[in-house]
Amino acid sequence: MRDETTATGGSLFGTGPNGIFRRTVPKPEEQTDRRMLRVLGLPQLTMIGVGAIIGAGIFSLAGAVARDVAGPAVLVSFLIAGAASLCAAFAYAEFAGMVPRAGSSYTYAAAVLGEVVGWIIGWDLLLEYTAIVATVSIGMSGYAGFLLESVGLQLPVWMLGAPGTGEGHRVDLIAMLICLGVAWLLNRGTKTSAKVDVVLTVVKIAVVLLVVVVGLSKVDFGNLTPFAPFGWGGAVTGAATVFFAVFGYDALSTAAEESVEARKLLPKAMMLSLAISMVLYVGACIVLTGMVSYDQVDPDSGFSSAFASVGMSGVAVVIAVGAVLGIVTVSFSFMMGASRLWYALSRDGLMPKWFGELHPVRRVPHRATWILGIVSAVLAGLLPVQEAAELTNIGVLFAFVLVCAAVVVLRYRRPDLPRGFRCPGMPVVPVLGVLFSAWLMSFLAAETWLRFAGWLLLGLLVYALYSYRSTRRVMPGGSADLSSLDEPGR
């Protein structure tokens, strides 16, 4: 690292060795047994991205938003969320092509805006990614219940949902088991788990295509009127909730150190995964609200229930199977993202090294993965799906604001740096990303803001008492020079 003490006077709020705004970029691991395997090419990365984006957001959350918040205008909710997400995706792609390190927006913010900003985002995303795994597992649980009922199996009421989601509900046991199962799969190793993820993602895409192609023939356009029964404000509020469904590329960028050519392939995979997902979302929303009236949509198993209501029970069962298998890929992608983020935080000294240790054979952060699996299982068992989704969204939107701002700062501060991808429309596109994200955050509930603020305050306390001193032992010196950054493992 380049020492900037003289330039900053060693100020606590400077960019020198003692400054909380020093810009840090971790060096790649030199020891083979502490380095993750580089096995992911463009097809695998794109499938991880699609796997993270398409899941409970469309299979479950879209139904809940259509019925209670937006009506058929849930389609507009997805388009607004997609537009906001695209602006941020361009910013992420530029950073992914420039800072090929595990850690996603934590690493990007620490390299451009400073260590403490990176820590805040990293701490924030640990909670958000874990909440995402819980949310999608809850969504999968609804379709699993539909499947079991279709073959005549009735589970005890107490294990069918979180408290407050139905009479007699005490815990969502199916969702909890899903979280633990995904943790087990991830600990089989990156290459093995990525192969399973690709297969399941292909199945999921096939199911969504089935929904769109077959469902369009059953659409009654009378069900699309009134299009916005809750007003256009409902469509915007819905966008703040379904935003959960359109940012999977954020987790994808945590796999930089397991990508064959991170600078070249990550930006491509981000754009491809978002484009594929948005096309499928638009078609699926039209089918869902066109087959049945919005107020009759089942929030737990929307598509299966819709097809069953028009006499297509066989297709409904196929959709439920595909939804259960496909939603596993979302849990996989975000738990993978959270574990790689935790690995990066531990490697950089911001959290204890013990959490980031790699398995001696499979070379994955196995301890972090199991902890995340257990915590997400507890959240999935006890939280209603919309509360978990809103908790997720506020943290990711906050990260998007900072990443979009950071890409503008760095483009003008260091235009000479090598970039594998350049965000178009600078600075308009990233500024729109900031404004879109902040706007969507304003529609979230006050309780969500309070939980978010409490978590961030706890994170600042951890930084002050532990992380500040620990990271200076692991990464001593002042601000890093990004122009000397090379791909890890090269």
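The values are calculated or read from the model by the stated rules, or taken from the named source; none is laboratory data. Keep in mind that what you see is a predicted model, and the values were worked out from it rather than measured. Every residue, glycine as well, gets a Cβ built from its backbone with ideal geometry; the counts of neighbours run over all protein chains shown. All accessible areas refer to the heavy atoms of the entire protein, side chains included, with ligands and DNA or RNA removed. Shrake-Rupley method; radii C 1.70, N 1.55, O 1.52, S 1.80 Å.
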Where a residue in segment 183-202 is over 17 Å from V324 (Cα atoms) and modelled with pLDDT of 75 or more and its partner, wherever it lies, is β-branched (V, I, T) and surrounded by 20 or more Cβ atoms within 10 Å (Cβ to Cβ), with Cβ under 7 Å and at least six apart: L186/V364; L186/T369; N187/V364; N187/T369
Every pair of residues 6+ apart whose Cβ atoms lie under 8 Å, when the first sits in segment 472-483 and is buried (at least 18 other Cβ atoms within 10 Å of the Cβ) while the second is among the acidic types (D, E) and modelled with pLDDT under 75: G478/D3; G478/E4; S479/E4
Pair list, Cβ < 6 Å and 6+ apart or interchain, from segment 451-468 residues that are in a helix (DSSP H, G or I) to residues that are exposed (fewer than 14 other Cβ atoms within 10 Å of the Cβ): none
Residues that are assigned to a loop (DSSP other than H, G, I, E, B) and not β-branched (V, I, T), drawn from segment 116-154: G152, L153, Q154
Boolean, S301 is crowded, with 24+ Cβ neighbours inside 10 Å, over 30 Å from S467 (Cα atoms) and not hydrophobic (A, V, I, L, M, F, W, C): yes
Qualifying residues in segment 152-168 (those that are surrounded by fewer than 16 Cβ atoms within 10 Å (Cβ to Cβ) and hydrophobic (A, V, I, L, M, F, W, C)) - the one farthest from S137 (Cα to Cα): L153
Of all residues in segment 422-471 being of a type in the set (A, V, I, L, M, F, W, C), open to solvent by less than 40 Å² (accessible area, probe 1.4 Å) and over 30 Å from M271 (Cβ atoms), the one that is nearest to the chain's Cα centre (by Cα): L456
Filtered residue count, segment 351-374, keeping only those that are of a type in the set (D, E, K, R) and more than 27 Å from V116 (Cα to Cα): 2
Criterion (open to solvent by 60 Å² or more (accessible area, probe 1.4 Å) and more than 22 Å from R67 (Cβ to Cβ)) met by exactly one of V213, V182, V171, V196: V213
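Sort out which residues of segment 358-390 are outside any helix (DSSP H, G or I) and open to solvent by less than 60 Å² (accessible area, probe 1.4 Å), and write them in order of number.
Result: L358, H359, R363, V364, P365, L383, P384.
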Segment 226-236, subset part of a loop (DSSP other than H, G, I, E, B) and touching a residue at least 40 places away in the same chain (Cβ under 8 Å), residue most open to solvent (accessible area, probe 1.4 Å): F230
